[in-house]
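The values are calculated or read from the model by the stated rules, or taken from the named source; none is laboratory data. Quick caveat, the model's predicted, so the values are computed rather than measured. Cβ placement follows ideal geometry from the backbone for every residue including glycine, while neighbour counts extend to all protein chains displayed.
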Amino acid sequence: MKIDGTPYRSVWVDHTDSWSVRIFDQTKLPWALDILRLTEPSQVAHAIRSMQVRGAPLIGAVAAYGLCLALRMDATGPAMEAQAAMLAQTRPTAINLRWAIGRMLDRLRPAAAGERVRLAYAEAAAIADEDVAMCEAIGRHGVPLIAEAAARKPAGTPVNVLTHCNAGWLATVDWGTALAPIYMAHDQGIPVHVWVDETRPRNQGALLTAWELGRHGVRHTVIADNAGGHLMQHGQVDLVIVGTDRVTRAGDVANKIGTYLKALAAHDNSVPFWVALPSSTIDWTISDGLSEIPIEERPTTEVTMVGGRALDGSVAMVRVTPSGSNAANPAFDVTPARLVTGLITERGRCAATAEGLRGLFPHETVPGGAEIAGMAAHL
Ligand code: MRU
């Protein structure tokens, strides 16, 4: 996507040295556009944990480049396995992280140590390029949903799409998942307006989605997380599109905390609830999302403190709870497949069922072996 006319991806190899890794520091957006240079795997791990990079597909791609940086330091088998395990445990819920590390290991394990750095950069680049292609295809398969909604409305009336968290290009390598159909619809001249859930506690909607949409010229309105149900009751939401951090083979969907409540409200109001994902977000090893998807618990300071720009222009963190009050911070929830109207993937749309997913992906397997696929996260 373009920022002030310049095309960017959300991760890239530095063009000048051809090996260090560049990312936007998303903790600074939208107040500052800081580009970080990562040279060591520990910096990559920190960037993922601290959410300088975030969003399921992006953390997978960045972790893949983290393994490239690790191999530059030591390309022997034991060192590679140890660094892969370290990177795979940086965040627990998004499966793309373990998927990307597993894919890298599948490529690198059989290779001689002297070949590994070159092969690793090529594989990480392939992961990044394929993510862009998958998201672009998700956009194409999602646009008809918006076009059909537009056709049901008086000419020129915008289609109101509600989204939660940030599932735009900042959360992937480019395009985004949930936002890809919105960007394409907008570019095709379909009038579209987006209700952007602010997405407490980290406010990815208010800070990142609103910024992305604004840069692209897409009409949007930021709403408090609790407003969606009311808007749906009053016919002001035509469809919901969200991204996801992990989908089970039976179609249960983990996404940013609060997504489940939007799905319940959508179900109660007969508003279509769509989930957009690349196949790298499907966890073929599990079927029951509620019992099998690990839910990340993040620091409670994300709940007790809020960051933003003060009236004097400074960027500050302020406390929003009385000192002494306890806080809890589960970062994701699981929406059962029965509440999901359908999935939008790079191969097309399908029902959120085992049959629906297998129909689109009959031969998909889990890269990296059992230890990567099932790796427990210890944060
Ligand atoms: O905690 P985050 O900001 O990494 O969570 C991101 C989300 O929940 C996104 O909706 C999800 O990763 C889909 S991204 C295309």
Notebook entry, point to check: Is there any pair linking a residue in the stretch 322-333 that is assigned to a loop (DSSP other than H, G, I, E, B) to one that is of a type outside the set (Gly, Ala, Ser) and exposed (fewer than 10 other Cβ atoms within 10 Å of the Cβ), with Cβ under 6 Å and at least six apart or on different chains, and which?
Noted result: none
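In the set Ala84, Ala147, which member is part of a helix (DSSP H, G or I), farther than 18 Å from Gly243 by Cβ and not assigned by TED's automatic domain parsing to the domain that holds Ser50?
Going through Ala84, Ala147 in turn, just one is part of a helix (DSSP H, G or I), farther than 18 Å from Gly243 by Cβ and not assigned by TED's automatic domain parsing to the domain that holds Ser50: Ala147.
Being within 15 Å of the ligand (Cβ to nearest atom), within 20 Å of the chain's Cα centre (by Cα) and outside the structural domain of Arg202 (by TED's automatic domain parsing): is that true of Leu97 here?
yes
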Next item on the list: Report the residue count in the stretch 230-248 for those that are in contact (Cβ under 8 Å) with a residue 12 or more places away in the chain and surrounded by fewer than 18 Cβ atoms within 10 Å (Cβ to Cβ).
Entry: 2
Next item on the list: Check Val222 against each of (1) over 18 Å from the mean Cα position of the chain (by Cα); (2) under 24 Å from Pro57 (Cβ atoms); (3) buried (at least 24 other Cβ atoms within 10 Å of the Cβ) and name the one condition it does not meet.
Entry: (3)
Notebook entry, point to check: For the subset of the stretch 361-372 comprising residues that are surrounded by fewer than 17 Cβ atoms within 10 Å (Cβ to Cβ) and within 18 Å of Ile286 (Cβ to Cβ), which member is modelled with the highest pLDDT?
Noted result: Glu364
Check: Which of the residues belonging to the stretch 107-139 are touching a strand residue (DSSP E or B) at 6+ places or on another chain (Cβ under 9 Å) and not in a helix (DSSP H, G or I)?
Finding: none
Check: Within the stretch 15-31, can you find the residues that are without any contact (Cβ under 8 Å) to a residue 60 or more places away in the chain and of a type in the set (A, V, I, L, M, F, W, C)?
Finding: Val21, Ile23
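From the list Thr76, Thr90, which one is within 16 Å of the ligand (Cβ to nearest atom) and surrounded by fewer than 24 Cβ atoms within 10 Å (Cβ to Cβ)?
Being within 16 Å of the ligand (Cβ to nearest atom) and surrounded by fewer than 24 Cβ atoms within 10 Å (Cβ to Cβ) holds for just one of Thr76, Thr90, which is Thr90.
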Notebook entry, point to check: Is it true that Gly142 is in a helix (DSSP H, G or I), outside the structural domain of Leu208 (by TED's automatic domain parsing), closer than 30 Å to Pro191 by Cβ and not acidic (Asp, Glu)?
Noted result: yes
Next item on the list: Could you give me the residue pairs with C-beta distances under 9 Å whose first residue belongs to the stretch 359-376 and is outside the structural domain of Gly342 (by TED's automatic domain parsing), whose second residue is at pLDDT below 65 and among the basic types (Lys, Arg) wherever it lies, and which are 6+ apart or on separate chains?
Entry: none
Check: Quick check: anything in the stretch 153-176 farther than 30 Å from Glu292 by Cβ, within 16 Å of the ligand (Cβ to nearest atom) and assigned to a loop (DSSP other than H, G, I, E, B)?
Finding: yes
Checklist line | Set Ala82, Ala61: member being within 16 Å of the ligand (Cβ to nearest atom) and small (Gly, Ala, Ser) | finding: Ala61
Margin query: If I ask for residues that are among the polar types (S, T, N, Q) and in a helix (DSSP H, G or I), which ones from the stretch 181-197 would you list?
Written below: none
Checklist line | Considering residues of the stretch 191-209 that are of a type in the set (A, V, I, L, M, F, W, C) and more than 13 Å from the ligand (Cβ to nearest atom) only, the residue nearest to Arg319 (Cα to Cα) | finding: Trp195
Checklist line | Subset of the stretch 302-326 (residues that are over 25 Å from the mean Cα position of the chain (by Cα) and either within 26 Å of Thr90 (Cα to Cα) or outside the structural domain of Cys165 (by TED's automatic domain parsing) (or both)) | finding: Asn326
